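Trainee: This is the structure I want to talk about, given as structure tokens.
The values are calculated or read from the model by the stated rules, or taken from the named source; none is laboratory data. Keep in mind it's a predicted model, so treat the numbers as computed, not measured. Cβ sites come from the backbone with ideal geometry, for glycine too, and all protein chains shown count toward neighbours. Accessible surface areas use protein heavy atoms only, side chains included; no ligands, DNA or RNA. Shrake-Rupley method; radii C 1.70, N 1.55, O 1.52, S 1.80 Å.
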Amino acid sequence: MTNVHASEQQPLDVTAAIAAGRMLPVVVLEDASAAAPLADALVAGGLRSVEVTFRTAAAADAIRAMSTNPDLLVGAGTVLSPAQVDQAAEAGAKFVLSPGFSPNVVKRCQELGLPIFPGVATATEIQMALDAGLEIVKFFPAEQLGGIPMIKALAAPFRSVRFIPTGGVNTGNLADYLAVPSVFAVGGTWMVAPDLLRAGKWDEVTALTAAAVAAARPAPEA
């Protein structure tokens, strides 16, 4: 079977939206009623894409609510099974991320035409992604796996692969990660920390998001 090339597998609107901000807030929502104001807060801060994780029972409803915001591209994260892929698609998710590489999850996403960014931690998993026709992968948990030096080491033999490091990325190392040519975007939780969401501190979410967006911009050339 001929593999589908990544540029054909991932629709342009998804990759373009993520590439534009170069950041994916990783959201864990306990209460779906917070989804709409959260979407507004992220957009106000300058982001246009978000990952809502299937770590809570509210995930599908949160994706459904956030997807009504026309300025936000909503994806599903922590997707562990084909059944969750179906739930995410039905709720309106436009892309999927998984913490590891699951052939069944990838296959179901591809059957639905849903862009998938599978998690990888090793060269073997990267080759599995390439075999599936995928060249943009999530590197998770990034800091615990060796961070930037590890990404550079893996990028050397896999020159076409782009990484979305997630796990331990924050305002202190954000710019360093994004300076690595093979890094497509970063995932993070600091601007959508669960305590902020529970307290409904939407102005603070917007401020943290705006600061992250500013930090992600390339430095002006002298």
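Trainee: Taking GLU111, is it within 22 Å of ASP86 (Cα to Cα) and open to solvent by 10 Å² or more (accessible area, probe 1.4 Å)? Explain how you work it out, then say what you get.
Mentor: Details: within 22 Å of ASP86 (Cα to Cα): yes; open to solvent by 10 Å² or more (accessible area, probe 1.4 Å): yes.
It is true that GLU111 is within 22 Å of ASP86 (Cα to Cα) and open to solvent by 10 Å² or more (accessible area, probe 1.4 Å).
Trainee: Any residue in the stretch 12-24 that's more than 18 Å from MET191 (Cα to Cα): show its pairings with residues that are open to solvent by 50 Å² or more (accessible area, probe 1.4 Å) at Cβ separation under 7 Å, as long as the two are six or more apart or on different chains.
Mentor: VAL14/LYS94; ALA17/ARG48
Trainee: Go through (1) at pLDDT below 95; (2) farther than 19 Å from VAL213 by Cβ; (3) open to solvent by 20 Å² or more (accessible area, probe 1.4 Å) for VAL28 and report which single condition fails.
Mentor: (1)
Trainee: If I go through the stretch 60-112 residue by residue, how many of them are of a type in the set (D, E, K, R) and touching a residue at least 60 places away in the same chain (Cβ under 8 Å)?
Mentor: So the answer is 1.
Trainee: Being in contact with a strand residue (DSSP E or B) (Cβ under 7 Å, 6 or more places away or on another chain) and open to solvent by 10 Å² or more (accessible area, probe 1.4 Å): is that true of PHE117 here? Break it down into steps so the answer makes sense when it comes.
Mentor: Values: in contact with a strand residue (DSSP E or B) (Cβ under 7 Å, 6 or more places away or on another chain): yes; open to solvent by 10 Å² or more (accessible area, probe 1.4 Å): no.
Considered against the rule, which asks whether it is in contact with a strand residue (DSSP E or B) (Cβ under 7 Å, 6 or more places away or on another chain) and open to solvent by 10 Å² or more (accessible area, probe 1.4 Å), PHE117 comes out as no.
Trainee: Tally the residues that are over 13 Å from SER98 (Cβ atoms) and more than 18 Å from the chain's Cα centre (by Cα), restricting the search to the stretch 124-143.
Mentor: Adding up the residues that qualify gives 5.
Trainee: Out of all the residues in the stretch 112-119, is one or more of a type in the set (Phe, Trp, Tyr) and touching a helix residue (DSSP H, G or I) at 6+ places or on another chain (Cβ under 8 Å)?
Mentor: no
Trainee: For GLN10, all conditions in the list (1) open to solvent by less than 50 Å² (accessible area, probe 1.4 Å); (2) at pLDDT 95 or above hold save one; what is the number of the exception?
Mentor: (2)
Trainee: Filter the stretch 52-85 down to the residues that are open to solvent by 50 Å² or more (accessible area, probe 1.4 Å) and of a type in the set (A, V, I, L, M), then identify the one that is farthest from PHE117 (Cα to Cα).
Mentor: Ranking the qualifying residues of the stretch 52-85, first place goes to ALA57.
Trainee: While we're on this one: Do any helices (runs of 4 or more DSSP H) entirely within the stretch 134-222 hold 3 or more residues that are open to solvent by 20 Å² or more (accessible area, probe 1.4 Å) and over 25 Å from ALA41 (Cβ atoms), and if so, which?
Mentor: Per the criteria, 147-155.
Trainee: Would the stretch 92-104 turn up any residue that is open to solvent by 20 Å² or more (accessible area, probe 1.4 Å) and part of a helix (DSSP H, G or I)?
Mentor: yes
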